[in-house]
């Protein structure tokens with residue numbers, strides 16, 4: 001019971017034949033969702049809900065359910081008085097009332113019929129009895145089946161495996177219901193081997209412990225904890241370390257009701273096979289963990305998870321599993337030996353028979369494109385940049401990346417091209433045919449086995465990286481070149497044939513490829529302009545997703561990406577862009593940044609309202625003549641001298657007001673300084689230059705009338721605001737910034 005007399009806990013167990021481990025997490029979530037939906041629709045308040053799963057059952061415990069639902073009054077508005085009889089009668093039928101039960105109420109000056117329906121409270125047991133069949137029949141299993149004679153009808157019950165029992169108890173009272181041929185009861189079944197007999201359940205309060213006494217741990221999280229701890233202990237007792245595998249923990253917990261991890265050994269001769277192959281063979285085919293020895297290398301040991309406590313301590317179970325694993329490892333060793341008989345270059349020729357995409361040719365065609373691009377990335381100093389102020393010619397070594405020390409750029413380019421030519425060759429090997437997850441990795445092993453340079457083997461092995469968020473990012477020059485080239489070719493090729501991601505659909509994993517490029521560029525500080533405008537926009541979107549997790553605002557990325565003018569395509573260097581974004585975010589977090597943004601938006605709004613595109617402005621100075629005397633003046637002090645001369649020459653047709661002139665002078669200094677700082681990639685300096693405009697623009701708006709009656713003054717002041725806007729735009733488009 002729940003501890004109060006008018007509320008009780010509810011237990012529901014749906015028992016069946018083995019539920020696939022991969023479906024159990026989803027099934028737990030679906031059971032909770034469907035149950036809560038039914039209760040909400042019936043007006044039943046529910047306390048804490050717990051859902052468990054084993055291979056043979058789904059169980060739900062809901063705390064503190066009321067014994068009955070509350071009575072409710074519902075009202076339905078009908079047609080107005082005087083409406084046709086057919087309309088009124090139809091409303092009555094729909095509401096379940098008679099005419100004499102209708103009420104007339106005034107609505108907007110007109111009498112209107114209302115039906116008032118009083119619904120009495122219902123016993124919660126009755127609500128549950130109706131809900132359980134609905135839940136079972138609505139259950140969205142990824143795959144389900146019909147069984148028995150009833151399966152001849154398409155209306156028969158479907159379940160993941162034949163449903164064999166339902167336990168439904170509210171408090172200590174049975175919730176009587178029937179789903180297909182299955183009738184609810186108090187009895188469930190214990191462990192299939194240890195206690196395969198009916199177990200009578202008293203209610204939610206004793207469910208877990210009664211099953212535990214019958215060798216069933218119903219809490220899937222507890223079974224996972226048992227497997228983690230006992231598998232690690234079995235390895236440690238043998239002087240080994242368990243190779244952690246959380247996915248395998250969850251899967252073994254979904255395969256057992258009473259997990260018992262056991263350690264076994266296999267023939268050391270199999271250790272000649274790459275360790276990843278052994279681990280994948282053990283994991284994929286047999287659901288075994290593997291172990292490392294004290295030196296960190298793979299040991300000839302495995303840990304299997306039995307579902308029983310055997311009388312012999314598990315010796316027979318281990319021996320049987322060892323024999324099965326030996327057969328699998330023998331197959332793996334055969335693939336390993338057979339694949340190495342053929343050089344990778346010969347394997348690569350078979351790629352001509354594999355279509356990459358009907359519009360993009362074969363995998364061999366892609367390999368050719370990637371090889372050329374990888375070479376270009378090296379030769380263009382993108383992958384192996386020189387130190388500032390130095391050039392990296394074909395005879396020079398890279399001073400920037402230690403991994404390339406002692407190698408010429410030409411040698412690096414040759415290795416990048418060679419690695420790219422062989423990177424996809426393992427796709428046609430026996431091993432990758434058996435274990436597609438090993439593509440790339442096996443190519444690296446085969447390359448090393450035939451004596452190719454380590455840099456080439458490493459690039460083949462790692463050219464798919466980074467695959468996921470936590471995956472390692474390549475830093476070796478040859479690997480970086482091949483990995484970048486592969487991803488860039490994929491993006492460029494599919495964009496060229498208009499196969500871009502749409503909504504949640506991304507069949508060619510282009511979003512992942514773009515994120516991979518971004519992470520490689522970031523990690524290695526690569527200066528790689530992206531000329532294609534559409535691709536640049538795609539990268540911008542991916543960058544927003546990536547940087548959002550780092551706390552970077554998307555609008556600031558937009559502000560930096562935005563073109564400076566109609567001829568400009570916007571920031572296309574990802575390293576420089578992120579540096580600008582971070583400097584901008586820091587600036588916008590200051591009082592100067594916030595106030596400058598407010599001043600910018602005010603200026604921009606005035607210019608937009610006036611439809612002002614600017615007359616002739618130079619570094620913030622309004623001009624009336626066609627010549628631009630300050631166009632070639634970069635030095636702020638010289639600019640001030642030129643300004644004085646221009647004023648002397650009466651280029652302005654009036655004497656500017658003090659705060660107007662103060663803004664002009666500030667722009668003379670801040671404009672060139674901010675532009676120069678951006679050019680020098682001193683983005684903090686650029687923000688500091690903009691900060692000096694905060695006070696002058698504030699005073700300008702306080703004390704200067706922009707829309708002066710004098711057309712010359714009005715024109716010059718609008719030009720001045722245009723110059724202010726342009727100076728800010730040299731750093732970022734503040735119009736894209738929210739706030």
**Prompt:** Working out 0.36 nm times the residue gap between residue 500 and residue 292, then minus their Cα-Cα distance, what length gain in nm do you get to one decimal?
**Reply:** 70.5 nm
**Message:** Quick check: the distance between the Cα centres of the range 32-72 and the range 476-512, to the nearest angstrom?
**Reply:** 46 Å
**Message:** Testing the spin-label approximation: label points 7 Å from Cα along Cα→Cβ at residue 492 and residue 103. State their distance in nm.
**Reply:** 7.5 nm
**Message:** Among 498-507, 465-474, 338-347, how do they line up by average Cβ neighbours within 10 Å per residue, starting with the highest?
**Reply:** 338-347, 465-474, 498-507
**Relative contact order (percent, whole number), the range 208-314, Cα cutoff 8 Å, 6+ residue spacing** = 30 percent
**Request:** Estimate the FRET efficiency between residue 144 and residue 194 by the formula 1/(1 + (r/R0)^6), using the beta-carbon distance for r and 30 Å for R0, to the nearest 0.05.
**Result:** 0.55
**Asked** Extension gain residue 595-residue 715, at 0.36 nm per residue separation less the Cα-Cα distance, in nm?
**Response** 40.7 nm
**Asked** From a point 7 Å beyond the Cα of residue 467 in the direction of its Cβ, which residues of the range 503-534 have a backbone N at a distance under 19 Å?
**Response** 506-520
**Complete:** When 283, 93 are ranked with the fewest other C-beta atoms within 10 Å first, the list becomes 93, 283
**Fill in**
Heads up, the chain by the C-alpha gyration tensor (a ≥ b ≥ c square roots of eigenvalues; a/c under 1.5 rounded, else a/b over b/c prolate, else oblate) looks oblate
**Asked** Taking the Cα atoms only, what angle lies between the long axis of helix 591-610 and the longest principal axis of the chain, rounded to 10 degrees?
**Response** 70 degrees
**Message:** How much of the DSSP bridge set in the chain is antiparallel, in percent, rounded to the nearest 5?
**Reply:** 95 percent
**Prompt:** Which part of the range 345-365 falls in the paramagnetic zone of residue 534, meaning amide N under 20 Å from the point 7 Å along Cα-to-beta-carbon?
**Reply:** 357-361
**Relative contact order computed over the chain (Cα-Cα under 8 Å; 6+ residues apart), in percent** = 7 percent
**Prompt:** Roughly how many nanometres apart are two label points built 7 Å out from the Cα toward the Cβ at residue 117 and residue 352?
**Reply:** 7.5 nm
**Prompt:** What's the exposure ranking of 291, 92, 177, going from fewest to most Cβ atoms within 10 Å?
**Reply:** 92, 177, 291
**Request:** Kindly list the residues of the range 472-506 that lie in the label zone of residue 372, defined by a backbone N under 18 Å from the point 7 Å along the Cα-to-C-beta vector.
**Result:** 482-497
**Prompt:** Between residue 692 and residue 608, what is the FRET efficiency for a Förster distance of 25 Å, r being their Cβ-Cβ separation, to the nearest 0.05?
**Reply:** 0.50
**the range 653-703: C-alpha gyration tensor shape, a/c 1.5 cut-off, then a/b vs b/c** = oblate
**Fill in**
In degrees, nearest 10, the alpha-carbon axis of helix 658-679 is tilted away from the dominant principal axis of the alpha carbons of the chain by 60 degrees
**Request:** Give me 191, 205, 67 ranked fewest to most by other Cβ atoms within 10 Å of their Cβ, as a rough exposure proxy.
**Result:** 67, 205, 191
**Request:** Take the Cβ-Cβ distance between residue 29 and residue 246 as r, set R0 to 30 Å, and report the resulting FRET efficiency rounded to the nearest 0.05.
**Result:** 0.95
**Request:** Mind giving me the nanometre distance, one decimal, between the label points for residue 86 and residue 527, set 7 Å out from Cα along Cα→Cβ?
**Result:** 8.2 nm
**Prompt:** Which shape class, rounded, prolate or oblate, goes with the range 1-50 when its Cα gyration tensor gives a ≥ b ≥ c as root eigenvalues, a/c under 1.5 marks rounded, and past that a/b bigger than b/c marks prolate?
**Reply:** prolate
**Asked** Angle between the Cα long axis of helix 694-703 and the longest principal axis of the chain, 0 to 90 degrees, nearest 10?
**Response** 70 degrees
**Message:** Expected output is a single nm value to one decimal: the length gained when fully extending between residue 37 and residue 237, i.e. 0.36 nm times separation in residues minus the C-alpha distance. What is it?
**Reply:** 67.1 nm
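Each reported figure results from applying straightforward, stated rules to the coordinates on display, with no laboratory input. All figures in this text were calculated on a predicted structure; none of them were measured in a lab. No Cβ is skipped: glycine too gets one built from the backbone with ideal geometry, and neighbour counts run over all protein chains shown.
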